[in-house]
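FYI, it's all coordinate maths here, none of it is from the lab. Note that the coordinates shown come from a computational prediction; the quantities given were computed from them, not determined experimentally. Neighbour counts run over all protein chains shown; Cβ positions are idealised from the backbone, glycine included.
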Amino acid sequence: QVQLVESGGGLVQAGESLRVSCVASGLLFSRHVMGWFRQAPGKEREFAAAIGWSGSSTDYADSVKGRFTISRDNAKNTVYLQMNNLKPEDTAVYYCSARGSATLRLTPGAYDYWGQGTQVTVSS
């Protein structure tokens, strides 16, 4: 079955950096759009970033544009989210997701598979 396993979350101070990773199995990784979403306590899950099959196309939420970078390594079935200049409002559970299509989408309902999430906490 399909599994998405996130890692790399943790506690950092504002202004610091963190990289979260997601390893996928049970799917043809190179033919899935990969996305990162996040959910803070009491809030809905929101889009953070997405990347196309080859990695040449990406999209970002306005709130993370210029600070976060999504990338992928199809040989390792892994997608990354490099987060720089973190802010307390970035505190959330970060979820990896996979979409069995070539088109990038920003809504959670467009994604077919989800990981269990990794906690990122940014202290001020």
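For region 1-50, a/c is not less than 1.5, where a ≥ b ≥ c are the root eigenvalues of the C-alpha gyration tensor, and a/b tops b/c. That puts it in the prolate class. Which residue, Leu106, Leu86, Leu28, has the most motion in a Gaussian network model of the chain that connects Cα atoms within less than 10 Å? Result: Leu28 has the largest fluctuation of those listed.
Placing a label point 7 Å from the Cα of Ser17 along the Cα-to-Cβ direction, the residues of region 45-71 with a backbone N closer than 18 Å are 64-71.
One chain, two ends: Ser124 and Ser101. Fully extended at 0.36 nm per residue, the span grows by 4.4 nm beyond their Cα-Cα distance.
Ordering 18-25, 31-38 by mean Cβ neighbour count within 10 Å, with the highest value first, yields 31-38, 18-25. Note on Lys43/Val5: beta-carbon distance plugged into 1/(1 + (r/R0)^6) with R0 of 22 Å gives a FRET efficiency of 0.40.
Over all alpha-carbon pairs in the chain, figure out the percentage whose distance exceeds 18 Å. Result for the distance tail: 45 percent.
Simple point charges give the picture: +1 on the Cβ of Lys and Arg, -1 on the Cβ of Asp and Glu, and for the chain a dipole about the Cα centre of about 180 debye.
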